[in-house]
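Worksheet: one structure, shown below.
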Amino acid sequence: MRLPPRPSYRPREPIGPLVDIVFLLLIFFLLAGTLEPVAPLEVAPPQAARPGEPFDGPIRVQLAADGRLGLDGQVLSDAALAAAIDARLAAAETQPAIQIEADGGAPSGVVLDLLGRLRAVGAERLALVAIAERPHADD
């Protein structure tokens, strides 16, 4: 009696270990990566010589293009600004951060002079706020 030949088949490769490795990689990248919210605007920040520590200062000093100074929305003279900053620094328990919002049209010498005057009254944590220009549509 003759039996029909057995069909030749290759046993399938087990994919269980492959699935395990894929899941381990997925978990690794989820833990190693950071998720950030999507920014509402696409901004290219200016390059800094060294990265600074990000902070929002409780004291905001504004410098207009014509050299006028403002503190928390009020226009002040040089002497009044120095006195107000000195009083706030003396009243604070820890050194408060000071944000300087200088107009883009203000001369750099005026900005540096303001930074020097703030250092002279005892300010240690200064941050110069910069906003990147929007790229031109032609580029």
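Odds and ends about this structure:
- Yes/no for LEU35 being among the hydrophobic types (A, V, I, L, M, F, W, C) and at pLDDT 80 or above: no
- If the condition is being in a helix (DSSP H, G or I) and surrounded by 15 or more Cβ atoms within 10 Å (Cβ to Cβ), then the stretch 118-128 contributes only LEU118.
- Matching residues, the stretch 66-114, being more than 16 Å from ARG125 (Cα to Cα), exposed (fewer than 11 other Cβ atoms within 10 Å of the Cβ) and at pLDDT 85 or above: SER77, ALA79, GLY109
The values are calculated or read from the model by the stated rules, or taken from the named source; none is laboratory data. No experiment lies behind these values; they were computed from the predicted model shown. All Cβ positions, even for glycine, are placed from backbone atoms using ideal geometry, and neighbour counts span all protein chains on display.
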